[in-house]
Amino acid sequence: MHALRPSPDEKTIGSRDLTQWRSRPGRWLREVFTALADRLRNTDLAALTLLGVAAVLAVGATMLAGEIYESVTSGHGITQLDEPVLQAMVASRTPGFTTFVAAFSNSGGALWMTIITGVAIAAVCLRWRRWTPLVLMLIAVGGSLAMTVVGKRLTDRARPPYELAVPPYETSASFPSGHTLNSIVITGMFCYLLVSHLTNTLARVATITIGAVYTISMGLSRVYLGHHWLTDVLAAWCLGLAWLAVVITAHRLWLTDHQSHALPRHGERSERALAQDGDGS
């Protein structure tokens, strides 16, 4: 296995160079990260520092989402959709389809999602002979779990009534949907890793489409089974996408810094230092 060093395959998605920042906010982020990496003299530590700050902000965003949820609930707002959507889902149930949806939903639970993710990420690491996919997945999953726990403890929202739910019944708080939040983060990270190595445009589009269908279906399955309200799922989709964007952005910054001026490992000199020596000779 190679150390945490970028491979050429990681730096592009199709013709898009991930180390190029076209927007002004993107260029500002790149400059801030470069300054942090220079100060710490370690690109990996700079990326972890950035992710640590982002994780705190993500938990804060989850708390804010909980407060917004409380305000919306008290004012009725979008939660007016919860009851009619759940009733529509209950009315559409058939024995065969309900059995299928329950089995599908179980794939997003703690046990099966852990097994599937562990096997898949191990296969990717062995195939690519790199640790980067494992590190990115651990960071992504850690953040999604933290947001799930904080959100549930903060709101302590009751789930739909048992008489409207399909057993086995859930006992934890309802907001946000953990199945939905974790599935969108894990599936989104797998899609990001895969499309950066796929050279065929159709294969990249198919990967993203399958990932999107899976995460949307997972969220809707939770409402169909009566285990969550629609607003639990909507919040989980938003939080998951936001955290996924943070992790991907941090990875791009890490790639950019390694490419522009790779900082030295122990006993090495950086490309920047070598360039300065060349200018002075």
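Laboratory data are not the source of any read-out in this text; all were calculated from the coordinates shown. For clarity, every value in this text was computed on a predicted model and none was experimentally measured. FYI the Cβ positions are ideal-geometry reconstructions off the backbone, even for glycines, and counts take in every protein chain you see.
Out of residues 5 or more away from Thr12 or on other chains, whose amide H comes under 5 Å of its own, with H placed 1.01 Å from N in the peptide plane?
Residues meeting the amide H criterion: Leu18.
If the chain between Ala110 and Thr199 were fully stretched, how many nm would it gain, using 0.36 nm times the residue separation less the Cα-Cα distance?
28.8 nm
As a footprinting exposure proxy, order Asp17, Asp232 by other Cβ within 10 Å, with the fewest listed first.
Asp17, Asp232
Show me the three semi-axes of the equivalent ellipsoid for region 41-260, from the C-alpha gyration tensor (sqrt of 5 times each eigenvalue), largest first, rounded to whole Å.
Gyration-tensor ellipsoid for region 41-260: 32, 22, 14 Å.
What nm distance separates the two modelled labels at Val149 and Leu40, each placed 7 Å from Cα along Cα→Cβ?
2.2
For Trp28 and Leu241, calculate 0.36 nm times their separation in residues minus their Cα-Cα distance, and state this gained length in nm to one decimal. Intermediate values should be presented prior to the final figure.
Details: separation 213, 0.36 × 213 = 76.68 nm, distance 2.18 nm.
Working it through step by step, the gained length comes to 74.5 nm.
Could you list Leu225, Leu138, Leu244 in order of exposure, starting from the residue whose Cβ has the fewest other Cβ atoms within 10 Å?
Leu138, Leu244, Leu225
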